[in-house]
Number of protein chains: 2
Amino acid sequence: MDTSSDTLRSALPLRHAQKVTFAEPVALALGGALPAVTVAYETYGTLNAARDNAVLICHAISGDSHVARHDAGDEPGWWERVVGPGRAIDTERWFVICPNVLGGCRGTTGPNHLDPRSGRAYGAEFPAVTVADMVAVQRRLIAHLDIAQLRAVVGGSLGGHQAMTWAVAHPAQVRGCAVLASSPRLTSQAIAFDVVGRNAILRDPAYAGGQYYGGDGPAVGLALARMLAHVTYLSREAMTAKFDAARLAPREIASAFEQKFSVGAYLAHQGHKFVERFDANSYVTLSMAMDLFDLGATPAALRAALAPSRCRWLVVSFGSDWLFPAEQSRQVVDALLAADRPVTYCNVDASGGHDAFLLDEKLEVYGGLLARFLASLDGPGATPSAGAPARAPAPTSIFHDQRLDSARVLELIPAGASVLDVGCGGGELLARLRGRGHARLAGVELDEAAVLACAARGLDVVQYDLEDGLPPFRDGQFDVVLLSQTLQSVVHTERIVDEIVRVGRSVIVSFPNFAYRSLRRMLAEEGRSPKADGPYSFEWYNTPNRRFPSIADFAEFCRAKGLRQHRAIYLDSETRRWIGPNEDPNRNADVAIVVLSR
Amino acid sequence: MDTSSDTLRSALPLRHAQKVTFAEPVALALGGALPAVTVAYETYGTLNAARDNAVLICHAISGDSHVARHDAGDEPGWWERVVGPGRAIDTERWFVICPNVLGGCRGTTGPNHLDPRSGRAYGAEFPAVTVADMVAVQRRLIAHLDIAQLRAVVGGSLGGHQAMTWAVAHPAQVRGCAVLASSPRLTSQAIAFDVVGRNAILRDPAYAGGQYYGGDGPAVGLALARMLAHVTYLSREAMTAKFDAARLAPREIASAFEQKFSVGAYLAHQGHKFVERFDANSYVTLSMAMDLFDLGATPAALRAALAPSRCRWLVVSFGSDWLFPAEQSRQVVDALLAADRPVTYCNVDASGGHDAFLLDEKLEVYGGLLARFLASLDGPGATPSAGAPARAPAPTSIFHDQRLDSARVLELIPAGASVLDVGCGGGELLARLRGRGHARLAGVELDEAAVLACAARGLDVVQYDLEDGLPPFRDGQFDVVLLSQTLQSVVHTERIVDEIVRVGRSVIVSFPNFAYRSLRRMLAEEGRSPKADGPYSFEWYNTPNRRFPSIADFAEFCRAKGLRQHRAIYLDSETRRWIGPNEDPNRNADVAIVVLSR
């Protein structure tokens, strides 16, 4: 046993791990100190001459430094499908660093290391560490590698906690922060599961006060903790798909754990595998660090915590993740939006649960977001990555296939104004504004593919549902809020209009006019529910439109709400002619563009 | 230790429990037998002279015979808020019987009882029992009480499994079956949690092969199992509400379990309390019986399993219950509907998780459903209970506040026809049909309050979302399907029309005509999105209507789908005049009633 090697009997040496030992004492956030710290880490790719292409990957509770293969003969890493040459985190472009966390058991100083003061393993005497301590040690490593600023810090779950801590504690050193399947703090439910797992370990008689390194250790308790945790990493639907067809046909395994059910044998296998590679004291240490992580319990506290960040953000949640549920990622995104920080957010529609960020199922979405996010960090106003897919706007208008009003909407926006595009589709308008040099641009869009298209353009867009309003945004946060050809497709009209005039010092609304002459004619003369010719000529029974106001209806609606109308511009897209205010626009225009404010 | 008392040192005697011992051997479903069985049970209220007012309550895994107080000085029972004089299960009206289950530890034969063959407690030698075995023993009890038929069997969770088994295994003995928070079989996720819990017990060194009755027993393992199970009984939102505000301020309790977090101290307390009152071998026995319960893995198997039942059914799920999720209750309801069994279903919008059926939060809904269900079992075509609340129909039409078309719709329905009313509101039409003597009537309605109103009328209605179609129903299952003033309020028009003509040999659709003269005028002359005067005169921005067909639109839609139109009747509700086919109904009628079939 020495200070630079694992003391855990069963820990496999990580072949490619490099180690560096910092001999100065490390003071810890909760008190106490470590006399020295060794960090095990692996790197991939090449640090460029400017030393500005480093991407730090932070691992989750059971991870280690081996994030990917180093060569064809190597063991696969825990994020093999994401990290590597040509992968989402492209090691031909980025210099990837993945350290084992402080308190871990795969090379970095942890409970299974020698305490030089006692001459035996730290064991249960290992001091309580926090996510901030993990980051502080990683920061020493980055300094050791002579890297002043990270292109990005990337992490899922507990790794996301580390990434967020980097961004807020060391803002000058982080250009991009990508957080997957994480949270501002754990739910009480998630803590409860961790508590049960720790109790299983600590009350296992073989735990022996934590000094079990000469013997078998608390194999039953650790396996129980892992089985339980494993269930929380999967979604109910994923477990149904995997185990329901043959629930009473367990795989045969050598185990003293119950094997009546297929899922039981699977969990027993997972428990045994984990005991082979993980140290129980590390598990207790890391799960406690995760449970104590807390960026803020209230929106205000969270906003204050995240405000110091200076990086761009990518936040990704997964719809079936019930351990770190999407609403928690949205709390982070809400706080970033309120603090006016650039952020892209996507709740990926995946069935894999918390583990979805490690799975193939939606790799093209979360991997695509990661790749495009890293590419967009080249500088402010980054250009779209080569070959980014073009995408048509969402078909929310029945009235015209060309957004003929777009050019006019752009003209109405003052140079340099900050703009929020609500229902931004694939980001066409925002991209044109960026081309004009607007610095602060953001979008809101519900469609996952549209969010991905925005990311491909290097735009910041959050996947929120307009029907919920715009609660994260502050009053008057943007010079201009756009609602372009979206009014007619939302149900909660009043809430959305209230919200856009709250958030925008000025708002521009473009919408189709239901009292356009051909539509009037269709109902009045033909007795048919109106529709227009062209590719968006939906039938009454399948139109995506939900609301059917005329120009007069919307004007009265705004008057009744006491809104001020600054401009109103009317277009007849059939004849491609602008209609003057005295030319009966309510009959002769099919599109209205209105500039409003409270 | 004797055969009629618990051998578990810590089990409290249940003061009011009666006991009966059946001396004949009991053969068990999975093989093996018990030489004799004692049943502990409590009763409430009085069995009437006809012996037909008995309600059997089946308890969940940790319950016992003490379902409610017997007098003011008594300890509260586990369903105190539901059972008692004047309560939902009114002991002044019903003779309530609650037995402890076979394999339990509170008086009925279980692992902590003496095995007369060995002279010591059964312990781990207690044979595996199933839900069917539990019911077989309850049936002996019912015979012992000289009750030929139960008014109802009622149970939540594992109690629901017992209730369903009663209904299908002994159809002649059950008039009503009420199943709360239950499922046709456990999810693989739920089994996984049970597996971890059982492993914690069985791998606790103090388990001692199950013969621990002389000592402390597997207190740590049983407490861990209970802590884990307790988390699964609560919803994430309920835990957040209870523990998040002060997550690091645990109540002080005497425990060797972790107490860093509020939720941890709470779970430790729950674990210790459980160990005081429950036997680990019983827990293993009952949780295994629950995990093995399986009414069928496929819709066809489930339908075959439930088809033998001859009772009316009440199925209640709870929106936040993730252990026995609503979709599993819907599987049961789907199968009952497909088998043409009378069933009422409600997914109660409660935050309490699986435990919601034990809580105050939505007692007025699930208790109300139970009370009305029991009252409606007086006989076929039961009359509404006294004082049942009247309720207005859901405001889904903008066109008229009186359903003037209802009388005409009723006339169109052949005498004695089976009728499914899709979007049935509070059940007005169905109640009138019942008054006419129709035997097979059912409703589908999304609104919880409307479902409750239907139940108050003694009608069978399921709380399903029309937007999902009518998948549980068979082709041509009903003589008539009604879609009355609902067409305009649903988005998936085509799916719903396809479904009603599939399920009904004939369908009657009534809907408002968007090309009615005053509406045409409003758009054509005033340039305003049409609305009508009266209490349902919604504005364009807040109408609940989603689709706006004219009579001509709907006719063409039906033609294009190849549907046959048998009758079409048109009403001008403004002038209260029927409009003939040659009187331009598409202009002069505001309501159309159309009879269609495939």
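Read-outs: derived from the displayed coordinates by stated rules, not from any lab. Quantities reported herein were computed from a predicted structural model and do not represent experimental measurements. Neighbour counts run over all protein chains shown; Cβ positions are idealised from the backbone, glycine included.
Summary table below
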{"item": "Of A:242/A:362; A:273/B:260; B:242/B:273, pairs whose Cα-Cα distance is over 26 Å", "result": "A:273/B:260"}
{"item": "FRET efficiency estimate (nearest 0.05) - Cβ-Cβ, residue A:169 to residue A:81, R0 22 angstrom", "result": "0.15"}
{"item": "Among beta bridges that DSSP assigns inside chain A, antiparallel share in %, nearest 5", "result": "40 percent"}
{"item": "Exercise: per-residue mean of other protein chain Cβ atoms within 10 Å, B:18-30", "result": "0"}
{"item": "Inter-probe distance in nm under a simple model that places probes 7 Å from Cα toward Cβ, at residue B:249 and residue A:556", "result": "5.4 nm"}
{"item": "Dipole magnitude (debye, nearest 20) for the protein assembly as shown, charges at Cβ of Lys, Arg, Asp, Glu", "result": "1020 debye"}
{"item": "Computed label-point distance, nm, for sites residue A:349 and residue A:432 using a 7 Å Cα→Cβ extension", "result": "2.8 nm"}
{"item": "Dipole magnitude (debye, nearest 20) for the range A:1-155, charges at Cβ of Lys, Arg, Asp, Glu", "result": "100 debye"}
{"item": "Pairwise FRET efficiency - residue B:467 versus residue B:277, Cβ, R0 = 51 Å, nearest 0.05", "result": "0.65"}
{"item": "Cα centroid separation, the range B:218-263 to the range B:488-516 (Å)", "result": "51 Å"}
{"item": "Positive-pole candidate from B:562, B:345, A:586, dipole of the protein assembly as shown, charges at beta carbon", "result": "A:586"}
{"item": "Charge dipole (the protein assembly as shown, unit charges on Cβ, about Cα centre) - positive-most of B:409, A:208, B:529", "result": "B:529"}
{"item": "Pseudo-label separations to other copies for residue A:560 - Cα-to-Cβ vector, 7 Å, nm", "result": "3.3"}
{"item": "DSSP-defined antiparallel bridges as percent of all bridges, the protein assembly as shown, nearest 5", "result": "40 percent"}
{"item": "Per-residue average of Cβ from other chains inside 10 Å of A:223-232", "result": "5"}
{"item": "Residue-averaged 222 nm ellipticity for chain B, from DSSP H runs of 4+ at -39500 (n - 2.57), nearest 500", "result": "-9000 deg cm²/dmol"}
{"item": "Order by protection proxy (mean Cβ within 10 Å, highest first), peptides B:247-260, B:498-511", "result": "B:498-511, B:247-260"}
{"item": "Extension gain (nm, one decimal) between residue A:208 and residue A:446, 0.36 nm per residue minus Cα-Cα", "result": "80.4 nm"}
{"item": "Pairwise centroid distance, computed over Cα atoms, of the range B:271-303 with the range A:425-464, Å", "result": "51 Å"}
{"item": "Efficiency of FRET between residue A:364 and residue A:505 - r from beta-carbon atoms, R0 51 angstrom, step 0.05", "result": "0.85"}
{"item": "For residue A:174, residues with placed amide H under 5 Å, excluding near neighbours", "result": "A:150"}
{"item": "Neighbouring partner chain Cβ atoms per residue of B:179-192, average, 10 Å criterion", "result": "5"}
{"item": "Contour excess over end-to-end distance, with Cα ends at residue B:23 and residue B:242 and 0.36 nm allotted per residue", "result": "74.0 nm"}
{"item": "For the range B:257-270, 3J(HN,Hα) per residue [Karplus equation, 6.51 cos²θ - 1.76 cosθ + 1.60, θ = phi - 60°, Hz, x = Gly/Pro]", "result": "7, 4, 9, 5, 10, 3, 5, x, 5, 4, 5, 4, 4, 4"}
{"item": "Integer Hz, Karplus 6.51/-1.76/1.60 couplings in order for the range B:130-137, x for Gly and Pro", "result": "10, 4, 4, 5, 4, 5, 4, 5"}
{"item": "Cα-based helix-to-principal-axis angle, B:188-202 vs chain B, degrees rounded to 10", "result": "10 degrees"}
{"item": "Amide H partners (placed H, <5 Å) of residue A:54, local residues excluded", "result": "A:95, A:151"}
{"item": "Axis-nearest residue of A (beta carbon) for the A-onto-B rotation, whole Å", "result": "A:524, 2"}
{"item": "Length gained when the stretch residue A:410-residue A:538 is fully extended (0.36 nm per residue, less Cα-Cα span)", "result": "43.3 nm"}
{"item": "Amide proton proximity set for residue A:38, modelled H, under 5 Å, gap of 5+", "result": "A:22, A:109"}
{"item": "B:422, B:168 arranged by Cβ crowding within 10 Å, fewest neighbours leading", "result": "B:168, B:422"}
{"item": "Residue-by-residue Karplus 3J(HN,Hα) for the range A:219-228, coefficients 6.51, -1.76, 1.60, Hz, glycine and proline x", "result": "5, 5, x, 5, 5, 4, 4, 5, 4, 4"}
{"item": "Cβ-based exposure ranking for B:59, A:269, B:70, in which fewest neighbours within 10 Å come first", "result": "B:70, A:269, B:59"}
{"item": "Alpha-carbon centroid distance for the pair the range B:62-124 / the range A:118-171, whole angstrom", "result": "55 Å"}
{"item": "Simple spin-label estimate for residue A:304 and residue B:576 in nanometres, 7 Å along Cα-Cβ", "result": "6.7 nm"}
{"item": "Label spacing, shortest first and in nm, from residue A:437 to its equivalents in the remaining copies (7 angstrom along Cα→Cβ)", "result": "8.7"}
{"item": "Using a 7 Å Cα-to-Cβ projection, residue A:304 label spacings across copies, nm, ascending", "result": "6.5"}
{"item": "Among beta bridges that DSSP assigns inside the range B:463-598, antiparallel share in %, nearest 5", "result": "75 percent"}
{"item": "Cα long-axis angle, helix A:280-292 against chain A (0 to 90 degrees, to the nearest 10)", "result": "30 degrees"}
{"item": "Dipole moment magnitude, nearest 20 debye, the range A:193-280 about Cα centre, only Lys, Arg, Asp, Glu C-beta charged", "result": "180 debye"}
